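Nothing in this text is a laboratory measurement; each read-out follows from the coordinates by a stated rule. On a predicted model such as this, the values are computed, not experimentally measured, just so you know.
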Amino acid sequence: MGRPHKDSNKKAAKDLLLEAAFQLIRTKGYTSTRIEEICELAGVTKGTFFHYFDTKEALAVAAAQHWSRVTGEFFKSAPYHNPKDPLDRFLGYIEFRKEILHGKIPEFTCLVGTMVQEAYNTHPEIRIACRDSIFGHAETLEKDIQEAKRLYAPKAKWSVKSLALHTQAVIQGSFILAKATDSAEVASQAIDHLKNYVQLLFNQQTKKEKSYG
């Protein structure tokens, strides 16, 4: 996810503030990130900041919404959408989440997952924005899960929505483990277990045997 170029355009200045918030909050957390640091990293004045945002909380809400748009485009163009089989697409999504675990921890962890852990009880507007982002992303998986369930597990009692949210619970949890160990390896292992679980969930409901790598 590239950082926008600085220029005098007001829209670009706002984008720069949002991108600076992405970086600093994922690195330091919401509470420890100061407005002055955001402005310095974005290369704008505090006056410019307050032109767009009344408070740091308002910036955080806008950042969560912008995060949804940016990551939405990123995942929309990912190659896991290409297979014809919906289960292959769903498993491909999980594998893709493992493939993008590279770089420093703040570079692959989730902005909204980081913020909501800190702010859920003290900043309800941030909590709601983070919830909408996480649940909205989970919803993008539901169509493939629904089609795969129809093909391979039509009698299963679990719901499509619950499985979509479970994938996010594991992925967000894997980020916490990565932070705790200062390593992406434990996150990668957690996602491997998620993939194995999904394979079992579907293969136990059908006689069709497939290999998913």
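Scalar couplings 3J(HN,Hα) for segment 39-48, obtained by applying the Karplus form with A = 6.51, B = -1.76, C = 1.60 to θ = phi - 60°, are 4, 4, 5, 6, x, 10, 8, 5, x, 5 Hz; x denotes Gly and Pro.
Hey, what angle do you get for helix 10-28 against the long axis of the chain, alpha-carbon based, 0 to 90 degrees rounded to 10? Taking the Cα atoms of the chain, the angle to 10-28 is about 70 degrees.
Estimated from helical segments only, the mean residue ellipticity of the chain at 222 nm is -22500 deg cm²/dmol, where each DSSP H run of four or more residues counts as -39500 (n - 2.57). Bridgeable aspartates and glutamates around Lys56 (alpha carbons under 18 Å apart, same-chain partners fewer than 8 residues away excluded): Asp15, Glu19, Glu36, Glu37, Glu40, Glu118, Glu125. Based on Cα contacts under 8 Å between residues 6+ apart, segment 12-79 shows a relative contact order of 38 percent. Legend: distances between Cα atoms for Lys84/Lys149; Lys76/Lys143; Lys76/Lys155; pairs beyond 20 Å are Lys76/Lys155. For the chain, the longest principal axis of the alpha carbon atoms and the long axis of helix 124-139 meet at an angle near 30°. I'd like the orientation of helix 185-203 relative to the chain: the angle between its Cα long axis and the longest Cα principal axis, in ° from 0 to 90, rounded to 10. Compared with the principal axis, the helix lies near 40 degrees. Would you work out if segment 128-205 is rounded, prolate or oblate? Take a ≥ b ≥ c from the square roots of the eigenvalues of the alpha-carbon gyration tensor; rounded if a/c is under 1.5, else prolate when a/b is larger than b/c, oblate otherwise. Because a/c hits 1.5 or more and a/b fails to exceed b/c, segment 128-205 counts as oblate.
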